[in-house]
Structure formats: structure tokens, C-alpha cells
Amino acid sequence: MTDSTITLIAALLDRSGSMQGIADDMRGGFDAYIAKQHGQPGSTLVTLAQFDDEYEIVYQNSDVGTVPPLALEPRGCTALFDSIGRFVTEIGSGLAALPEDQRPGDVTVLVMTDGYENASTEWTVEAVRALITQQETDYAWDFVFLGANMDAVDIGTNLGFAPGKSLTWDASGDGVKGAFAAVSGYTSRKRSRGAVPLGSIVFEDSERRAARKKRQ
């Protein structure tokens, strides 16, 4: 049995060049989200990777209390498919190497991007969708997709993310703030769900509206 007291939040963040105008907002939003996970019941681990047309693991399975401030330096293009495929595969391999009773009982994979795929060479949308479906079905992983400058529900669904767990946000300061507030609310509801089925926990309409606000 996995350890139900351990939660893993695995975040994959877009750092492509189009993020330049909201880089400061992203840093503040992500740091605020992580801070809200500190003090939650049980043990919280965080894994972070960033991508453009390259992919980088920043840290793995770090205790939430030791996570450093987000360093985000936008550059490059958007290899979304390759990055999701590699990220999910590496998380799975890392957890498989642990004794089962040391593996987190709750795994959330959060993907946040502000643009469409335009640089992948190894993974296709079909392969990504199959991988996500496998991890959801076999291991009950939870997948959340935040997409700006797109219909995130449509794009997320095509990638294998559930519609209720896909959120469109505006690429603005207020949009970033709303997106991370939505993820915080979603995560809090999930961690206190008790016997409520995981699939019934989705983004609320008020959270969706807040993530679409543009800075005036």
C-alpha cells in the first residue's frame, strides 16, 4: 500500500519566451501556491520542472517547507508534448524505484502553459493522452491543466486531462493570480475530500471567472 499521508505535487511550468511579460506574476503566484500547501495535514512533497524547447528538472520530491522561490527566465519555444511525456515518465520511474509503502498516496500533476505546442520532436498528442490515461487508470494520479491564449478545456481534453480539471487563464497579472488561486482552492478541496470521489472535484465557475480577469 502507498502512504496515504504523503502528497506529491508535481508541477511542470512553461518558461517559453512568451512568458516574459508575466514572469514576475508567475514567480509570485507559484510561490504563494506552494506557501499555502505548507502546514496542510500529512507530508507534502514538491517536484518542479520547467520547459521551453528544452526541459529541466529543477528539484524532485522536496519537502514543501524547503522549496526555494521560483526562478523563471523565459526563453525559447514551446515543446509541450515532449515535456509532458518526459515529466510524467520520469515521475513514474522515480516513484517505482521506491518501496511501495514510501510512495505518496496522492499524486497531482499540474501543467501550466501560455501557448500552443510548437517544438516537440519525440512525443505526439496521442502518446501523451495514452500516458495520462494509463497513470490515471492504473495509479489514480490526478492531472490538472492550466492554459492561456487557448481554449484550455478543448486542448486539455485532447491531451487527456479531464474537462473539469482544465482551466483557461488570461496571460495577465490578474489572470496568473486567478489561476493560482483556482489551483489552491482545487487542491484544498481535494485534500479535504474524505470519501468524495476524486473525479467529482473540479474547478468551480467562480474560479474560472477569476482566472479570466485582465489587468486594467
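The values are calculated or read from the model by the stated rules, or taken from the named source; none is laboratory data. None of these values were measured; they are calculated from a predicted model. Heads up, the Cβs are rebuilt from the backbone with ideal geometry, glycines too, and the neighbour counts pull from every protein chain shown.
Key figures for this structure:
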| read-out | value |
| --- | --- |
| Qualifying residue in segment 33-40 (condition: touching a residue at least 60 places away in the same chain (Cβ under 8 Å), farther than 14 Å from Asp114 by Cα and not in a helix (DSSP H, G or I)) | yes |
| Residue that is nearest to Ala211 (Cα to Cα), among those in segment 1-41 that are of a type in the set (A, V, I, L, M) and under 14 Å from the mean Cα position of the chain (by Cα) | Met26 |
| Among the candidates Ser16, Ser43, Ser83, residue that is surrounded by fewer than 17 Cβ atoms within 10 Å (Cβ to Cβ) and either closer than 21 Å to Val128 by Cα or of a type in the set (S, T, N, Q) (or both) | Ser43 |
| Residue match in segment 60-79 (condition: of a type outside the set (S, T, N, Q), under 17 Å from the mean Cα position of the chain (by Cα) and assigned to a helix (DSSP H, G or I)) | yes |
| Members of segment 22-41 that are acidic (Asp, Glu) and within 25 Å of Thr5 (Cβ to Cβ) | Asp31 |
| Criterion: touching a Cys at 6+ places or on another chain (Cβ under 7 Å) and either surrounded by fewer than 21 Cβ atoms within 10 Å (Cβ to Cβ) or under 28 Å from Gly105 (Cβ atoms) (or both) - qualifying residue of Asp53, Asp31, Asp63 | Asp53 |
| Residue pairs meeting the criteria (Cβ under 6 Å; at least 6 apart or on separate chains; first farther than 14 Å from Ile155 by Cα, in segment 74-87; second in a loop (DSSP other than H, G, I, E, B) and at pLDDT below 95) | Thr78/Gly115 |
